[in-house]
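**Student:** Have a look at this one.
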Amino acid sequence: MAVVTDHSTSEPRDVTHGDDHDHPTDQTFWKVGIFLAALTAIEVSTYWWSPDRDNLDHPNLGIDSRITAASLIIMMTIKFITVAMYFMHLKYESKILRRVFFSGLILAVAVYLATLSSFVFWNNSGTDEFQYAPRAKVIPPPPTEPPPITKPGHSG
Amino acid sequence: MIDLATAPAEIVHDDHGTHDEHEAHATVTGISNEKLAMWVFLGSECLLFGGLISTYMLYKNRPGAFEVRDAAEGALTGTSAKVSALFDIPFTSVSSFILLASSLTMVFAVTAAKRNDFEKLRLWLGATAALGATFVGGQMYEFTTFVREGATFSSNVSTSAFYALTGFHGAHVMIGVIMLLSTVALTFRARTPKAESVEIVGLYWHFVDVVWILIFTVIYLIK
């Protein structure tokens, strides 16, 4: 019996597959793997870029921790997209799947960022009021009764 | 008799049981129902892990004191607070490389399945499962070390959030290992698994890797 291809469909071709019909070769996967490993190595190296507040003896290059954090987020995003596009095959899949995946992802990230904002995550992250459990109220001691007033000349 | 002009292509295979990777699916999207179901499931998993990551971010600097013990001597060394103070970045980095490598072996397994090369399929699936199991072993070692140092699940809200997040991820890796080993077992049967079935297992595995990319950066590396 022969393999049957579905010629009866009237759908445009790019609905069934992405516009790139060249499927990746093993060499492509090796290149992507090496790229991801190199990016992970750079990510790990950022541990020694900035000082660590938890460990003051931690050797570092003295780079501002905000720059380190921004670099990490960029590298993380690149790694995420690379794995999704090549290893999860989104680059070679239907366009509709790619659109649904990325639009849903962006929406989800936006919702979580909004939620974190509602918890005042960004503004007060360094203050005691937000970061630590509320302190116990200090209850003042009950007022002591004043000593009785004694009139002069009435003693004895 | 099957009408070849109108029959869905996916139900008709040649006598050798080969599966064309360009096989058209008789669905509106052109994606098989099984694969679409996995993508929808992964979408719901995104929300689960998004919630767990957000929870950790909210509570990571909100400690109640727990007693940090010297792992070797068991003596109290203070009442430090954050679970992040216990992280061993070089060790976790090696674990991350192992999980990343398992994604690479998984794509080779999918490629082998599409070529109907079952010897290589078993080899790559086995390698992926072994790497995944190594990762889980590393995570169990990390948890054991943390508990010995005094940070248990119920020590404070930040340790609870940490264990919930990384524990859920570890459980997902463990389930993935079981799925991989089950697929290897299926290849020994007379009716071998379809290439798409291996691809769907691969989607799950890559998702687990992608989640670790987020966790490793957000939880371990960003100070």
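**Student:** Using modelled amide H (1.01 Å from N, peptide plane; none on Pro or chain starts), what sits under 5 Å from the amide H of residue A:52, excluding residues fewer than 5 places away?
**Tutor:** For residue A:52, the qualifying residues are A:58.
**Student:** Would you mind ranking A:77, A:25 so that the residue whose beta carbon has the fewest other beta carbons within 10 Å leads the list? Working shown, then result.
**Tutor:** Working: A:77 13, A:25 10.
Placing the least packed residue first, the sequence is A:25, A:77.
**Student:** Using the 10 angstrom Cβ neighbour count as an exposure proxy, how do B:124, B:39 rank, fewest first? Could you put the intermediate results ahead of the total?
**Tutor:** Working: B:124 24, B:39 19.
By the 10 Å Cβ count, ascending: B:39, B:124.
**Student:** Between residue A:74 and residue B:37, how high is the FRET efficiency from 1/(1 + (r/R0)^6) when r is the Cβ-Cβ distance and R₀ = 51 Å? Nearest 0.05. List each step's numbers first, then the result.
**Tutor:** On the way: r = 33 Å, r/R0 = 0.65.
The calculated FRET efficiency here is 0.95.
**Student:** Something else: Which order do B:143, B:216, A:121 fall in if you start with the one that has the fewest other Cβ atoms within 10 Å?
**Tutor:** Values: B:143 18, B:216 24, A:121 15.
The order, fewest Cβ neighbours first, is A:121, B:143, B:216.
**Student:** Can you classify region B:32-221 as rounded, prolate or oblate using the Cα gyration tensor, where a ≥ b ≥ c are the square roots of its eigenvalues, rounded means a/c under 1.5, and otherwise it's prolate if a/b beats b/c and oblate if not?
**Tutor:** Values: a/c = 3.16, a/b = 2.07, b/c = 1.52.
Prolate is the answer for region B:32-221, as a/c is 1.5 or above and a/b outweighs b/c.
**Student:** For region B:32-221, what does the relative contact order come out to in percent, with C-alpha contacts under 8 Å and a separation of six or more? The partial results should precede the final answer.
**Tutor:** Details: 212 pairs, mean separation 59.4, N = 190.
Across region B:32-221, relative contact order equals 31 percent.
**Student:** At a Förster distance of 30 Å, what's the computed FRET efficiency of residue A:30 paired with residue B:118, Cβ-Cβ distance as r, to 0.05? Before the final figure, lay out each step's value.
**Tutor:** Working: r = 22 Å, r/R0 = 0.74.
The computed FRET efficiency comes out at 0.85.
**Student:** For region A:20-93, count the residues as N, evaluate 2.2 N^0.38 Å, and divide the Cα radius of gyration by that value, please. It would help to have the intermediate numbers written out before the result.
**Tutor:** Numbers: Rg = 16.4 Å, N = 74, 2.2 N^0.38 = 11.3 Å.
Rg over 2.2 N^0.38 Å, computed on Cα atoms: 1.45.
**Student:** Sticking with this one: Suppose R0 equals 25 Å; then what is the FRET efficiency for residue A:102 and residue B:175 from their Cβ-Cβ distance, rounded to the nearest 0.05? Let's see the in-between values first.
**Tutor:** Numbers: r = 26 Å, r/R0 = 1.03.
The calculated FRET efficiency here is 0.45.
The numbers here are math on the coordinates, done by the rules we state, and not lab data. All values derive from a computational prediction rather than experimental measurement. Cβ sites come from the backbone with ideal geometry, for glycine too, and all protein chains shown count toward neighbours.
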